[in-house]
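Peer 1: Here it is, the structure, as structure tokens.
The values are calculated or read from the model by the stated rules, or taken from the named source; none is laboratory data. On a predicted model such as this, the values are computed, not experimentally measured, just so you know. Here Cβ is always computed from backbone atoms with ideal geometry, including for glycine, and neighbour counts include all displayed protein chains. These accessible areas exclude ligands, DNA and RNA; they are computed on the full protein's heavy atoms, side chains included. Shrake-Rupley method; radii C 1.70, N 1.55, O 1.52, S 1.80 Å.
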Amino acid sequence: MARLKFVKTISEEIKEQLNQMYASHPNFRVRQRAHAILLSSKGYPIAKLQDIFEVDRDTISIWLDRFERQGIVGLEDMPRSGRTPIYTDEEITLFKELIDKEPRQIKKA
């Protein structure tokens, strides 16, 4: 029989942080992981979580392990390889402001 894996008991403070992340974090994957941790703390087994989130069993296990090792920070995306951004954060903010002012003049922005 497969060994059941759950997150250890979590404090009310951590539960509140997870609920806030689940409700309003800008990254969908982080919201999903926070929800999975909350459900695991209520006793949902990995098999049920994998059905709910439609991900591989190993993925759920990794989420639980990262949370156990790193806490809330472990739910964030890890850095990925790839091309460095062309524009700085300041330039992106400026572009967004220009587009908000003139949404029909994107080329001008």
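Peer 1: Leaving out ligands, DNA and RNA, what percent of the accessible area of the chain is carbon and sulfur, probe 1.4 Å?
Peer 2: Values: 4410 of 8430 Å².
Accessible surface attributable to carbon and sulfur in the chain totals 52 percent.
Peer 1: While we're on this one: So how much slack lies between Thr84 and Ala23, counting 0.36 nm per residue of separation and subtracting their Cα-Cα distance, in nm? Spell out each step's value before the answer.
Peer 2: On the way: separation 61, 0.36 × 61 = 21.96 nm, distance 3.00 nm.
Full extension from Thr84 to Ala23 adds 19.0 nm.
Peer 1: If you take the beta carbon distance between Ala47 and Glu91 as r and set R0 to 41 Å, what does 1/(1 + (r/R0)^6) give as a FRET efficiency, to the nearest 0.05?
Peer 2: With a Förster radius of 41 Å, E is 0.35.
Peer 1: Hey, another quick one. Counting heavy atoms of the protein chains only and a 1.4 Å probe, report the per residue accessible area for the chain as a whole number of Å².
Peer 2: Here the per-residue accessible area is 77 Å².
Peer 1: In a Gaussian network model over the chain where Cα atoms closer than 10 Å are linked, find which of Phe53, Phe95, Phe67 has the largest mean-square fluctuation.
Peer 2: Phe95
Peer 1: If you build a Gaussian network model of the chain, linking Cα atoms that sit under 10 Å apart, which residue out of Lys15, Lys42, Lys96 swings the most?
Peer 2: Sorting by GNM fluctuation, first place goes to Lys96.
Peer 1: Using the alpha-carbon atoms, what tilt in degrees (0 to 90, nearest 10) does helix 57-70 show relative to the longest principal axis of the chain?
Peer 2: Tilt relative to the chain: about 80 degrees.
Peer 1: Compute the long axis of helix 12-24 from its Cα atoms, compare it with the longest principal axis of the Cα atoms of the chain, and write down the angle in degrees, 0 to 90, nearest 10.
Peer 2: 40 degrees
Peer 1: Once the convex hull of the C-alpha atoms of region 9-49 is built, how many Å³ does it hold per residue, rounded to a whole number?
Peer 2: Measuring per residue, one finds 56 Å³ for the Cα hull of region 9-49.
Peer 1: In cubic angstrom, how much convex hull volume per residue do the alpha carbon atoms of the chain span? Intermediate values should be presented prior to the final figure.
Peer 2: Values: hull volume 17.7 nm³, N = 109.
Taking only Cα atoms, the chain has a hull volume of 162 Å³ per residue.
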